[in-house]
Structures are given as structure tokens and as C-alpha cells.
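Asker: Once you've had a glance at the structure underneath, I'll fire off some questions.
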Amino acid sequence: MVAGVSPAGRFAGMTDSLRAWIVSQGEELLTGQTLDSNAHFLAGRLTALGVRVLGASTAGDRVDAIEEALRAACERADVVVCTGGLGPTADDLTADALARVFGVEVEENADALAQVLARYEAAGRRMAESNRRQAQLPVGCDVLLNPVGTAPGFAFTGDARVFCLPGVPHEMRRMWADHVDPWVREQLDHEPPRRHLFRVLGKGESQLQDLLGDVPERFAGVELGFRTKMPENQVKLVAAPGVDAFADAVSEVRRRLGKDLFAEDESVELAAAVAQLLVARGERLALAESCTGGLVGHLCVTEAGSSAWFDRGWITYSNRAKRSDLGVAKDTLVAHGAVSEETAVAMARGAVERSDAQWAVAISGVAGPTGGTPDKPVGTVCFAVVGPGVERTRTLRIPSRSRDLVRRFSAYAALDMLRRQLLRLGS
Ligand code: AMP
Ligand code: MG
């Protein structure tokens with residue numbers, strides 16, 4: 001076993017030589033006005049480095065509450081990352097609280113003041129007197145440069161190393177990268193754990209458990225985790241750096257997931273996976289959307305470089321639009337209804353005929369929460385994919401009455417149907 005690495009099942013590659021605690025500061029976090037995205041970000045980054053996050057706490061805008069949270073964090077952890085409360089107003093109290101924890105005074109810090117002044121000078125503005133407050137820091141702290149905002153951060157070493165970062169998320173992230181991440185890496189006696197992500201559509205968590213549950217037994221030292229990020233499911237493999245079986249485990253999971261696997265990277269979205277397949281064939285896509293109302297188009301053009309493979313889209317919501325814009329026959333609509341595979345395939349054919357695309361995807365469904373019938377309840381969505389020599393249709397019953405979820409799910413299902421079709425053809 002690697003020294004300093006926990007043998008515990010769910011924490012492959014986690015070190016116990018450095019334990020972390022996150023403190024979020026701000027009344028807005030306790031009143032439900034602001035989501036604590038800073039803690040979410042920091043927990044992810046610390047974990048990815050192999051640092052065990054023991055806990056997180058939130059303190060409002062009272063100095064004794066912040067002091068208590070920081071004190072408890074320092075007692076339990078080796079590194080504490082605190083965000084918020086560094087601004088110029090009276091409710092910004094983190095520096096005072098930290099000084100109390102370590103029994104030091106607060107005084108004007110020349111480096112910090114110079115930083116605040118320089119920010120104002122660069123912006124051609126005069127510094128307000130209240131901004132001097134941002135330079136009132138605990139005696140003996142290290143000032144951390146904030147290149148993207150006025151509030152400098154600071155760090156203090158006592159029972160624990162405490163980093164105090166601004167609350168504004170983009171400033172906090174920059175300061176994590178500049179100051180905290182390098183410090184953490186220096187302390188660690190091991191490489192970060194190895195991780196591999198698989199992004200899956202078309203299999204639920206229980207199916208994935210059945211399919212992959214034996215992986216940790218077969219590949220010693222490799223751990224398996226699942227996460228649902230509607231509508232996809234994610235599978236993660238994690239291992240300590242020296243685990244030889246990791247690469248084999250990755251290949252095995254990839255093989256077992258087969259066509260249900262659409263990406264192996266956090267930053268590769270479903271539309272990018274579709275794009276790759278279309279570009280490889282030198283072909284383009286058009287869309288005929290009804291209930292998704294442009295959502296599929298949005299997913300497509302979110303991808304940089306989409307002009308290479310995305311031609312156009314129609315939002316044909318009414319029957320009249322389906323007829324006039326895409327040439328769907330009145331008889332088809334009367335005989336089968338707007339939500340039918342017959343209508344969907346007619347929409348897709350019309351889109352191919354009227355565009356420069358070889359492929360079209362069409363979606364027509366009942367997004368709800370009203371408008372369902374016994375025959376076609378809310379969540380009934382019909383899809384069609386039309387391409388060179390290909391015409392496929394399918395109907396899904398999406399088990400939700402939420403309009404938002406039905407639309408989102410449909411958009412992904414439509415792109416996934418095309419992806420599977422393209423995979424079947426090969427490039
Ligand atoms: P502060 O540094 O406390 O002045 O915070 C500045 C702003 O950053 C606040 O008004 C919030 O909008 C935002 N903020 C503070 N803490 C957090 C947090 N934990 N997560 C997300 N946003 C935050
Ligand atoms: Mg605040």
C-alpha cells in the first residue's frame with residue numbers, strides 16, 4: 001500500500017496527510033438568496049488533488065459566527081479555505097474573525113493597501129475611504145494578490161493554514177489557481193489520484209450497477225462511482241497513482257458501455273460527440289423542432305465550430321407551420337395527429353428537402369403539464385431521423401409531468417438517436 005493513502009473503499013488515492021475544511025461566509029448563503037457555488041467548486045478541486053474534505057460550514061455576517069466556524073475548522077483540518085467577507089462594507093468581517101481565532105490584532109497592511117490603490121489607479125478611479133477597510137488584515141498574515149478584483153486575499157498559518165479568498169466566484173477561482181492550488185500541491189506527498197469519467201445515455205443507475213458492479217473486485221485498487229446528471233448518467237473510476245490495473249479497468253468499462261457511452265471528458269457534450277461523427281462524414285444537420293422549441297438548436301450552436309456541420313433549424317409549433325414550412329401533408333396531421341411518428345418523419349423529410357443538410361432530426365411531443373390525452377399522455381414524444389438511405393422513428397414516454405424536464409430530455413434523446421444512427425453507419 002502507498003504510504004499516506006487511505007485503504008478505505010470509497011477514497012482511492014485520498015491522502016490523510018492533508019485534511020481540508022471549507023468555510024463559506026455570507027448572510028446571503030443562509031437566507032437562500034445565493035447558492036454556495038464556492039464550496040461546490042472548492043470541494044471538487046480539493047478532492048481532485050486527493051485531499052480529503054472533512055466538512056464545510058457556513059457563517060452569516062456576524063463576527064462571532066465567523067470566528068466560531070473558523071476555530072472549529074482549524075481544530076479539525078490542516079488547511080481551511082474560507083470565502084467571502086473581504087469587501088469594504090461593515091458586514092465584511094472575515095479578517096476580524098480570523099485575527100480573533102489566532103489572538104492577533106488587525107492593522108492596516110501596507111502591501112494590501114498598495115494593491116487596493118493600484119487597482120483603482122489602473123481603472124482611473126479614486127479610491128473611496130471605505131476601501132481602506134480591505135487593507136485591515138490580521139498582523140502576520142501573507143497577503144494574496146487578487147489580479148481580478150479590489151479585495152486582496154490573505155493567508156495565515158496557525159493550527160492550520162487558513163486561506164481567505166473573496167466571495168465573488170470568478171475572483172475566488174482565480175485565487176484558488178494562483179495561491180491555494182500550488183500550495184496544496186507542494187504539501188502533498190503523492191500525485192493526485194487518477195480518475196476517468198464515462199458519460200452515458202440510455203442506461204439508468206441500476207442497470208449500470210448491474211453491468212459494472214464487479215469492476216472493483218476484478219481490478220484491485222480501482223473504485224467505481226455513479227452520478228446522475230439528468231438525462232445522462234456518469235460513471236467514474238478512481239485509483240491511487242500507482243494502481244497498475246487502472247488502464248485495464250478503463251478499457252473494460254469502455255467495452256461494456258459500448259454505444260451507450262457518448263463521451264469520456266467533462267467538457268465534451270453530446271452535441272460535440274454528434275459533431276465529430278458528422279464532420280468525419282462531411283455531412284450536415286438540419287432540425288425540425290416542435291415541443292423542444294429550439295432547444296436542440298441551442299445545444300448544437302453552443303459548440304464552437306458548429307457552422308461546419310449545423311445548417312439550420314425550424315421551430316414549427318403549430319400544425320399550420322408544420323404544413324407551410326416543412327410540407328407536412330394535412331392528411332398526415334389529420335390521420336395521425338401532430339404528435340405521431342408519421343408527422344415527425346414528414347417534418348424531418350421536409351427539413352432535408354428544404355436545406356443543405358443530408359441529415360435531419362424532428363421532434364414532436366406533449367411537453368405538458370396540460371394537453372395530454374389517454375392515448376398520448378404528457379411526456380409522449382415522437383422522434384424521426386432522416387439521412388442518406390436512413391429513415392427511423394421512435395416514440396418515448398418520458399416519465400415526467402414537468403414541462404422543462406420533458407423538453408430537456410427530448411432534446412438529448414433526439415441528438416442521441418442521431419448519434420447512434422451515425423455510429424451504426426461508421427465513418
Ligand atoms: P463578499 O466577498 O462577501 O463581499 O461576497 C461578494 C459576493 O460574492 C456576494 O454578494 C455573493 O454574490 C458572492 N458570494 C459570496 N460567497 C459566495 C459563495 N459561497 N458562493 C457563491 N457566491 C458567493
Ligand atoms: Mg459578504
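The values are calculated or read from the model by the stated rules, or taken from the named source; none is laboratory data. None of these values were measured; they are calculated from a predicted model. Cβ: placed from backbone, ideal geometry, glycine included. Neighbour counts: every protein chain shown. Heavy atoms of the whole protein, side chains included, go into the accessibility calculation; ligands, DNA and RNA do not. Shrake-Rupley method; radii C 1.70, N 1.55, O 1.52, S 1.80 Å.
Asker: With just the Cα atoms defining each centre, how far is region 144-165 from region 33-50? Give it in Å.
Answerer: When both Cα centres are located, 17 Å separates them.
Asker: Moving to a separate point now. Rank Ala56, Ala123, Ala97 by mean-square fluctuation in a GNM of the chain with C-alpha springs under 10 angstrom and give only the top-ranked residue.
Answerer: Checking each option, the largest mean-square fluctuation is seen for Ala123.
Asker: If you don't mind, another one. May I ask you to evaluate 6.51 cos²θ - 1.76 cosθ + 1.60, the Karplus curve with θ = phi - 60°, for each residue of region 335-343 and list the ³J(HN,Hα) values in order in whole Hz, giving x for glycine and proline?
Answerer: Here the 3J(HN,Hα) series is 6, 10, x, 5, 9, 7, 5, 4, 5 Hz.
Asker: Calculate, for Glu75 and Leu117, the FRET efficiency according to 1/(1 + (r/R0)^6) with r their C-beta to C-beta distance and R0 60 Å; round to the nearest 0.05.
Answerer: So the FRET efficiency works out to roughly 0.95.
Asker: Now for a different question. Across 5 Å bins from the origin, how do the percents of Cα pairs in region 280-425 run, short distances first?
Answerer: Percent of pairs per bin, in order: 2, 11, 22, 24, 21, 13, 6, 2, 0.
Asker: Along region 100-116, what does the Karplus equation 6.51 cos²θ - 1.76 cosθ + 1.60 (θ = phi - 60°) give for ³J(HN,Hα), rounded to whole Hz, x for Gly and Pro?
Answerer: 5, 4, 9, x, 10, 7, 10, 8, 5, 9, 4, 4, 5, 4, 4, 5, 5
Asker: Any idea what the relative contact order of the chain is, in percent, if you count C-alpha pairs under 8 Å spaced at least 6 apart? Can you show the working numbers first?
Answerer: Numbers: 833 pairs, mean separation 44.8, N = 427.
It comes to 10 percent, rounded to a whole number.
Asker: A further question on this structure: Lys and Arg at +1, Asp and Glu at -1: add these up for the other residues within a Cβ distance under 12 Å of Asp91 and post the number.
Answerer: -3
Asker: May I have the count of lysine pairs in the chain with C-alpha atoms under 20 Å apart, counting pairs 8 or more residues apart or located on different chains? Walk me through the numbers before you get to the answer.
Answerer: Numbers: Lys203/Lys229; Lys203/Lys236; Lys203/Lys259; Lys229/Lys259; Lys236/Lys259; Lys322/Lys330; Lys322/Lys376; Lys330/Lys376.
Qualifying lysine pairs in the chain: 8.
Asker: Which one, Gly158, Gly84, Gly167, has the greatest fluctuation when you compute a Gaussian network model over the chain with C-alpha springs under 10 angstrom?
Answerer: Checking each option, the largest mean-square fluctuation is seen for Gly158.
Asker: Compute the accessible area per residue over region 194-263, keeping the other protein chains in place, probe 1.4 Å, unit Å². It would help to have the intermediate numbers written out before the result.
Answerer: Numbers: 3260 Å² over 70 residues.
Ligands and nucleic acids excluded, the figure is 47 Å² per residue.
Asker: Let me ask something else. Around Gly313, which amide H atoms from residues at least 5 apart in sequence, or from another chain, sit under 5 Å from its own amide H, with H modelled in the peptide plane?
Answerer: Amide H neighbours of Gly313, under 5 Å, 5+ apart: Leu287.
Asker: At most 11 other C-beta atoms within 10 Å and a DSSP loop state: those are the exposed trypsin sites (Lys or Arg not before Pro) I care about. Give me the longest piece of the chain that has none. Each step should come with its number before you reach the end.
Answerer: On the way: sites that count: Arg10, Arg125, Arg126.
Maximal segment without exposed cleavage sites: 127-427.
Asker: What's the center-to-center distance, using Cα atoms, between region 203-234 and region 237-293 in Å?
Answerer: When both Cα centres are located, 16 Å separates them.
Asker: Can you give the FRET efficiency for Asp214 and Ser402, using 1/(1 + (r/R0)^6), R0 = 45 Å, r = Cβ-Cβ distance, to the nearest 0.05? Could the numbers behind the result be given before it?
Answerer: Details: r = 35 Å, r/R0 = 0.79.
Efficiency for this residue pair is about 0.80.
Asker: Computing the accessible area with a 1.4 Å probe over protein heavy atoms, can you report the carbon and sulfur percentage for the chain?
Answerer: Values: 9600 of 19740 Å².
Summing carbon and sulfur atoms, their accessible area is 49 percent of the total for the chain.
Asker: Still on this structure, please answer the following. Quick one: Cα centre-to-centre distance for region 312-330 and region 380-427, in angstrom?
Answerer: Comparing the Cα centres of region 312-330 and region 380-427, I get a distance of 18 Å.
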